[in-house]
Amino acid sequence: MLPRLLRIFSGNLNVCSRFQHVDVFNRRLSITATRKAAKLIDGKALANDIKSEVKRDIEAWMAQGNRRPKLTAVLVGDDPASQTYIKNKVKATEATGIASETIRLPPTVSQQELLKQIQCLNDDSGVDGILVQLPVPAHISERAVCNAILPQKDVDGFHVVNVGRFCTDLKSMLPATPAGVMEIIKRTGIETFGKNAVVCGRSKNVGLPLAVLLHADGIGETNASQCLL
């Protein structure tokens, strides 16, 4: 059993310098038959609901005599942003009852040593999920690292098998941020069928998979396009 762990990221509002004189916070958009009032989505409340549901699922799973699921994170180097991400993921596991460990490796670790560490985790039956926090140092191939993780333990959904499966609308591990966005859309009752969706950004870890998920929204009729920022 590998429970869902969704990451919800808050965005920043950037205003172009040529519009800085406009009070964008007090300016109201006109509402017409085709432009409805904006709906404020409380991401924190949704995240708390999901954590509670996952915790209940894990308790039920363990009540059946199964062991506690375990997530192992591998952090290479001391990048501040990566350390923050790992810290938040550990907090999420604690809140949901998932066992976790963090393996910290120096930035000088060789690719061979890192791949050997990943193989050990692949072979460990007590580890259900593996993630290597990206980015990794420049001397290490990110693609080699992602593909070294067993697809069924690849909680980030970056293995080429998982990417190929979700691109063809097959069951797979999904990248967390796009999965989180789709969960928000589903839980707030936003209808995407037949709609035009614009994804701002086309990164391979967020923008691209989100566009694919929107296009294959269970029916396959949403037109999702991307813009490069």
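The values are calculated or read from the model by the stated rules, or taken from the named source; none is laboratory data. Note that the coordinates shown come from a computational prediction; the quantities given were computed from them, not determined experimentally. A quick note on method: Cβ atoms are made from the backbone with ideal geometry, for glycine too, and the neighbour counts reach across all protein chains shown. To get the accessible areas, we keep the full protein, side chains included, count just its heavy atoms, and leave off ligands, DNA and RNA. Shrake-Rupley method; radii C 1.70, N 1.55, O 1.52, S 1.80 Å.
Scanning residues 5 or more positions from Ser100 or on other chains, those with amide H under 5 Å from its amide H are Leu71, with H placed 1.01 Å from N in the peptide plane. With the simple model of a label 7 Å out from the Cα in the direction of the Cβ, Ala38 to Lys55 spans 3.2 nm. Per-residue Karplus couplings for region 77-94, computed as 6.51 cos²θ - 1.76 cosθ + 1.60 with θ equal to phi - 60°, are listed in order as x, 10, 4, x, 5, 5, 5, 5, 4, 4, 4, 5, 5, 5, 4, 5, 5, 5 Hz, Gly and Pro entered as x. Would region 52-122 count as rounded, prolate or oblate if I go by the C-alpha gyration tensor, calling it rounded below 1.5 in a/c and otherwise prolate when a/b exceeds b/c, oblate otherwise? Here region 52-122 falls in the oblate category. The phi-based Karplus calculation (6.51 cos²θ - 1.76 cosθ + 1.60; θ = phi - 60°) puts the 3J(HN,Hα) values of region 163-179 at 4, x, 5, 6, 5, 9, 6, 10, 4, 6, 6, 10, x, 5, 5, x, 5 Hz, whole numbers, x for Gly and Pro. Set the bar at 19 Å for Cα to Cα. Now go through Lys70/Lys91; Lys55/Lys89; Lys171/Lys195; Lys91/Lys171 and name every pair that lies beyond it. Long pairs (Cα-Cα over 19 Å): Lys171/Lys195; Lys91/Lys171.
Counting only protein heavy atoms and a 1.4 Å probe, region 125-201 has 48 square angstrom of accessible area per residue. Please label the shape of region 90-131 as rounded, prolate or oblate, based on the square roots a ≥ b ≥ c of the eigenvalues of the alpha-carbon gyration tensor (a/c under 1.5 means rounded; beyond that, a/b larger than b/c means prolate, else oblate). Taking the square roots of the gyration eigenvalues as a ≥ b ≥ c, region 90-131 is oblate. When Arg104, Arg165 are compared by accessible area of protein heavy atoms, the largest-first order is Arg104, Arg165, using a 1.4 Å probe.
Give me the mean projected area, in nm² to one decimal, of the convex hull enclosing the Cα positions of region 70-229.
Numbers: hull surface 40.5 nm².
It is 10.1 nm².
Determine, at each q value in 0.16, 0.17 (inverse angstroms), the log₁₀ of I(q)/I(0) that the Debye formula gives when each Cα of region 99-182 is one equal point scatterer. Log10 I(q)/I(0), no solvent term: -0.64, -0.72.
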